[in-house]
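The values are calculated or read from the model by the stated rules, or taken from the named source; none is laboratory data. Just so it is clear, the model here is predicted, and its values are computed rather than measured. With ideal geometry, Cβ positions are generated from the backbone for all residues, glycine too; neighbour counts draw on all protein chains shown.
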Amino acid sequence: MSGDKIKVITGSDLRSGDVVWWTGEGWSRHVDNAVGVEHDAEAIIARENAKQVVTDTHVIDATIEAGAVRPAHIKDRIRALGPTVRLDLSLKPADPQAGTWVI
Amino acid sequence: MYEYDQHDQAMVEARVAEFRGQVARRLSGELTEDQFKPLRLKNGLYLQLHAYMLRVAVPYGTLSSAQMRVLGDIADKYDRGYGHFTTRQNIQYNWIKLSDAPQILEDLAKVQLHAIQTSGNCIRNTTSDHFAGAAADEVVDPRPYAELLRQWSTFHPEFDYLPRKFKVAIIASDTDRAAMRLHDIGIQIVKNEAGEIGCKFFAGGGMGRTPMIAPCIAQFVPALQMISFLEAALRVYNRHGRRDNKYKARIKILVHEIGVDEYARQVQEEFAHILTLGLEPPPAELERIKAMFVDPGLESGLSDDLDLSDPDFALWVDQNVHAHKQPGYAIVTISLKPVGGIPGDATADQIRLMADLARDHSLDELRVSHAQNIVLPHVKKADLYRVWQALVEAGLATPNLDLITDIIACPGLDYCALANARSIPLAQKITDRFADIGRQRELGELKLKISGCINACGHHHAGHIGILGVDRKGLENYQLLLGGAESADTSLGTITGPGFSEDGVVDAIEKVTDVYLAHRDEGERFLDTYRRIGMAPFKEAIYG
Amino acid sequence: MVETVLRYRTDEPVADPAVTVDAFGAQGNATAVRIEPGDDALALVPFLDRIALIEVNFPSFADGRGYSSARSLRERGYTGELRAVGDVLIDQLSHMRRCGFDSFAPDKPISPEDAEAAFATWGEVYQKTVDGRAPIWAARHPGAQKA
């Protein structure tokens, strides 16, 4: 079931390499905190890059499904969760079904 | 094995200092990411899906127990308690912080390890035979030559910005245990009729988008001209390799486009010029290095007797233990491919356990094979049972060397930003399907290799059965290849037909193995049967 | 393009502008020539005596052809000024010097102090090249027989 299409900004924390998502006010490790962006994306990316806190910042497609953010591409879903073969190292270590969300 | 002198130590320490400065300049914004990226790649630091990944070099796959122990400690101190051994004999850590990277390099330097040139458009880690120094069929131990090559290629000022990455492998036997023909430059050390040692050079091999087997460009270069010849070969590539298209920038494209004869001619011309310059290290330098590789302390007169009354032990010996050139000794391969496990991964505790076994039972030495397993090269037969018991306890005694569950797999889309599909879950499903050891041994030697994208880090082109993960309209899909081989009879796999889902390709592999069992002649491996009967029977069984 | 030249020669700099390799071939009296990455530096070998300055352009620091051009020219006896111009960062200076460059005109100016620190990155070197520095193997084997 497809929901509303949005664009979100993602990147990696410059120092730690953690996957992060633009929340509108800052960067969160949790994709559900990502906000939709529109024509302001370029400006946000330029401003945030200049602060030397994030790197590899780029816009990706996502949908909102039941209030949760679902990246459109499997690669970004894996980025959002963690390695499907090591859920103990993912953001949802207690959820054995977390891997199915990726597919 | 090689031990750094103060010169080598100063070099790695200088690199640590240089990188510290570069990281500081990146964090302050003085360097942009575009400027910093090639610099961090030259220190093996990638930005991957979940974090920075650090690739530590294991020169020609050889480690001391002290070095192995530090690799385990780094996994605990800076990562998440495990490391991944790669198809180029290196180790990778997946959860590294940029801010820790300079300190990690400093810790590595203390035990003569580094991450120099393990990525980037430069000369990478030179790989070699993981049985070097222990195998009966080698002309000489190739590792002193590999060490000479390592030093020559380290911080080489002319070749730091090549068109693309450059990988060299060097062996010294007709049996190619290092996939030498699939490298940018491959070297086989040979003896000519006069008994002189020399190098047979191959150039333009590789996998990836356009796999090629390296043709020979020089039949015999005297060993004491090896470096001069390499200078020439690299210079021609640096000058003429394509710079307009990243996917056509490897030397294999150059050799293919201008032809091997023309490339060889240009190299000979440059070689003649280089020989006038006196660039070659003196014979004394090779002798100095060689002296560190002879006599690791093997004892004479030891018994070759082995008590094989424990059937599990006997099975492991039969599958994972190779003959050593010295009576009373054996070469042990520790499988990092447990059924249902992640190929090539080892926990910090396992890494330290292997370090201890090397210290106590392998004359302080280990090897990393490009098949992502660990080798203890010098184990007394009298110690084999004790070693095996320790491995059993650590989950490292899977008796599957070269069997279908001894899978080579890249990290794939679970870890790698370049991937199109996951490779590890597929490897797990395949090993689960073929978990029964009797069934595996019935199938015999069957090298299965999985790559999660066309870059072919899983060497799928060289798999008896190869699998390539692709992205088909946003879904993971898998192409099946048959008939690749990486040894002296190197061949590239042929695709069977349309791709499969993850479950579908596991079923297809099972059908392929059934066809083999139905058709094989006495003594034929899977590869032999495939070469004899061709693709048609397999295709028929898979696609009906 | 701001050109602040770092120069490590004691002779007078050349005043003439550098001409392209093609133009050099056409003219008889140019003393300064500029090599682009795709040019064949060895085409200049017959004329090295009358060239006082060779500029090697690095439009992108990632294109390393200029290193081979420079080193090849020095190997064939060029003793004039060899200048790296363009996208040159301090991270490339040491290797460039080792390939025979003795002056630098980076797009983004580099201070002489930063340059000196860059040249000092490695106290020793593994390879023998054209910069006259003794490689580590020579230190290990003083007076050893050549291969």
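Before moving on, here are some points about what is shown:
- Residues that are more than 10 Å from chain B (Cβ to nearest Cβ) and either hydroxyl-bearing (Ser, Thr, Tyr) or part of a strand (DSSP E or B) (or both), drawn from segment C:79-97: C:Thr79, C:Glu81, C:Leu82, C:Arg83, C:Ala84, C:Val85, C:Gly86
- Residues (over 18 Å from the mean Cα position of the chain (by Cα) and either assigned to a loop (DSSP other than H, G, I, E, B) or surrounded by 20 or more Cβ atoms within 10 Å (Cβ to Cβ) (or both)) located in segment C:109-120: C:Ser111
- Identity of the residue in segment B:213-230, in contact (Cβ under 8 Å) with a residue 60 or more places away in the chain and under 16 Å from B:Tyr263 (Cα atoms), that ends up surrounded by the most Cβ atoms within 10 Å (Cβ to Cβ): B:Leu230
- Selected residue (criterion: farthest from B:Val470 (Cα to Cα)) from residues of segment A:55-100 that are in a strand (DSSP E or B) and within 10 Å of chain B (Cβ to nearest Cβ): A:Thr55
- Filter pass, B:Leu105 being assigned by TED's automatic domain parsing to the domain that holds B:Arg40 and in contact with a helix residue (DSSP H, G or I) (Cβ under 9 Å, 6 or more places away or on another chain): yes
- Subset of segment B:1-12 that is in contact with an Asp or Glu (Cβ under 8 Å, 6 or more places away or on another chain) and either surrounded by fewer than 14 Cβ atoms within 10 Å (Cβ to Cβ) or touching a residue at least 60 places away in the same chain (Cβ under 8 Å) (or both) - its residue that is nearest to the other protein chains (Cβ to nearest Cβ): B:Met11
- Checked against the criteria, B:Ile116 counts as touching a helix residue (DSSP H, G or I) at 6+ places or on another chain (Cβ under 9 Å) and farther than 30 Å from B:Leu298 by Cα.
- Within segment B:338-358, the set of residues being under 23 Å from B:Pro425 (Cα atoms), in a helix (DSSP H, G or I) and acidic (Asp, Glu) is empty.
- Among (1) at pLDDT 95 or above; (2) in contact with a helix residue (DSSP H, G or I) (Cβ under 6 Å, 6 or more places away or on another chain); (3) over 30 Å from B:Lys246 (Cα atoms) - the single one C:Gly100 does not satisfy: (3)
- Scoring C:Ser60 on the criteria (1) within 14 Å of chain B (Cβ to nearest Cβ); (2) closer than 27 Å to B:Gln35 by Cα; (3) touching a helix residue (DSSP H, G or I) at 6+ places or on another chain (Cβ under 9 Å) leaves a single failure, condition (3).
- Options C:Arg50, C:Arg76, C:Arg9, C:Arg34: the member that is touching a residue at least 12 places away in the same chain (Cβ under 8 Å), within 14 Å of another protein chain (Cβ to nearest Cβ), surrounded by fewer than 21 Cβ atoms within 10 Å (Cβ to Cβ) and out of contact with any Lys or Arg (no Cβ under 8 Å at 6 or more places or on another chain): C:Arg76
- Selected residue (criterion: farthest from the other protein chains (Cβ to nearest Cβ)) from residues of segment B:31-47 that are of a type outside the set (Ser, Thr, Tyr) and either touching a Phe, Trp or Tyr at 6+ places or on another chain (Cβ under 6 Å) or part of a strand (DSSP E or B) (or both): B:Asn43
- Total residues in segment A:15-51 satisfying the condition of being touching a residue at least 24 places away in the same chain (Cβ under 8 Å) and surrounded by fewer than 17 Cβ atoms within 10 Å (Cβ to Cβ): the figure is 7.
- C:Lys108 falls short on exactly one of the conditions (1) within 12 Å of another protein chain (Cβ to nearest Cβ); (2) at pLDDT 95 or above, and that condition is (2).
- Condition met for B:Thr490 (more than 27 Å from B:Ser128 (Cβ to Cβ) and more than 14 Å from chain A (Cβ to nearest Cβ)): no
Results for (1) at pLDDT 95 or above; (2) of a type in the set (Asp, Glu); (3) in contact with a helix residue (DSSP H, G or I) (Cβ under 9 Å, 6 or more places away or on another chain), shown as yes or no for each residue.
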residue: A:Gly3; (1), (2), (3): no, no, no
residue: A:Val8; (1), (2), (3): yes, no, yes
residue: A:Trp21; (1), (2), (3): yes, no, yes
residue: A:Asp40; (1), (2), (3): no, yes, no
residue: A:Val59; (1), (2), (3): yes, no, yes
residue: A:Thr63; (1), (2), (3): yes, no, no
residue: A:Ala66; (1), (2), (3): no, no, no
residue: A:Val69; (1), (2), (3): yes, no, yes
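- Of the helices (runs of 4 or more DSSP H) lying entirely inside segment B:443-544, those containing at least 2 residues that are within 30 Å of B:Lys246 (Cβ to Cβ) span B:502-519.
- In segment A:3-14, the residues that are away from chain B (no Cβ under 14 Å) and surrounded by 19 or more Cβ atoms within 10 Å (Cβ to Cβ): A:Val8, A:Ile9
- Filtering segment B:240-282 to residues that are of a type in the set (Ser, Thr, Tyr) and facing chain C (nearest Cβ under 9 Å) leaves only B:Thr276.
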